[in-house]
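The values are calculated or read from the model by the stated rules, or taken from the named source; none is laboratory data. Only a predicted model underlies this, so the values are computations on that prediction, with no experimental measurement involved. Every residue, glycine as well, gets a Cβ built from its backbone with ideal geometry; the counts of neighbours run over all protein chains shown. Ligands, DNA and RNA are excluded from the accessible area calculation, which covers all protein heavy atoms including side chains. Shrake-Rupley method; radii C 1.70, N 1.55, O 1.52, S 1.80 Å.
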Amino acid sequence: NAGGKIPVSEIQELYKSLSDGLEPLSEADWKDVTASGGRVMPLAKSSPLLAVDFRLTADETTDDTVKSMTKIGNHVSHLDLSKSQVTDQVLSELSGMDRLVRLDLHQTNVGDAGLKNLKDLKNLRYLNLYGTQVSDAGLRHLKGLKSLRAVYLWNSKATAKGAKELEKALPEAKINLR
């Protein structure tokens, strides 16, 4: 770049489009989440999009805990439930989060059945399923998520064959089995 226009990445464009027309929330709007042990932060200073994680309270975080996000779900673009006690049931709570871009479920009790609830998350780019109960049967539910760019499957029940099939269905995605 020789002093001209600064290039904008695909992900920056995505966040900009997801933010269009969305009013920022105040800390009062997410008090239920923080009271449940979640940490909430705007993605950027002026962004209405939020990152939510339950890493500090993972041992106490259950499917019911995640329901505390109902009021702010439309603003959540990053969600980290890693090492928590969540199960397949929690994924039904996420099915309407249209602005979800990153979802980290590593080392949770999530398995095959719950993944069908992710099928409408058209902006999901990153999905971490490391150390989950997800097998090749569950990976079939992800084949329609053409927006995915990274899927992490190490130490899951998925096989090399299942990962290859997912890779064929999602040629733009990096599927990491090991």
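Some observations on this one:
- For region 1-159, accessible area per residue (1.4 Å probe, heavy atoms of protein chains only), Å²: 50
- Integer Hz, Karplus 6.51/-1.76/1.60 couplings in order for region 11-16, x for Gly and Pro: 5, 5, 4, 4, 4, 5
- Region 33-178, relative contact order [Cα under 8 Å, separation at least 6], %: 16
- Loop-located chymotrypsin sites (Phe, Trp or Tyr not before Pro) in region 80-178, at most 15 other Cβ atoms within 10 Å (DSSP): W154
- H75 sits among other residues whose Cβ lies under 10 Å from its own Cβ, and their net charge, with Lys and Arg +1 and Asp and Glu -1, is 0.
- Theoretical gain in end-to-end length, D20 to A44 [0.36 nm per residue, Cα-Cα removed]: 7.2 nm
- The fraction of all Cα pairs in region 37-111 landing in successive 5 Å bins from 0 to the largest distance is 4, 18, 31, 27, 15, 5, 1, 0, given as whole percents.
- Of K31/K174; K16/K67; K67/K146; K83/K174, pairs whose Cα-Cα distance is over 25 Å: K31/K174; K16/K67; K67/K146
- Here the chain has 50 percent of its accessible surface on carbon and sulfur atoms, given a 1.4 Å probe and all protein chains in place.
- Segment S135-E167, extension gain: residue separation times 0.36 nm, minus the distance between their alpha carbons: 10.1 nm
- The listed residues D32, D64, D80 rank as D64, D32, D80 when sorted by accessible area, largest first, using a 1.4 Å probe.
- Spacing of the two label points (7 Å from each Cα toward its C-beta) at W154 and D64, in nm: 3.5
- Of all DSSP bridge pairs formed entirely within the chain, close to 20 percent run antiparallel.
- The GluC sites (Glu not before Pro) found in region 146-178 that occupy coil by DSSP, while having at most 11 further C-beta atoms within 10 Å, are E172.
- Region 106-178-region 54-73 distance, computed between alpha-carbon centres (Å): 22
- For Rg and Dmax of the Cα atoms in Å, the candidate list reads (i) 19.2, 64; (ii) 30.3, 122; (iii) 16.5, 52; the entry that matches the value derived from this model is (iii).
- Here the 3J(HN,Hα) profile of region 160-170, calculated from phi with Karplus coefficients 6.51, -1.76 and 1.60 at θ = phi - 60°, is 4, 4, x, 5, 5, 5, 5, 4, 5, 6, 10 Hz, Gly and Pro shown as x.
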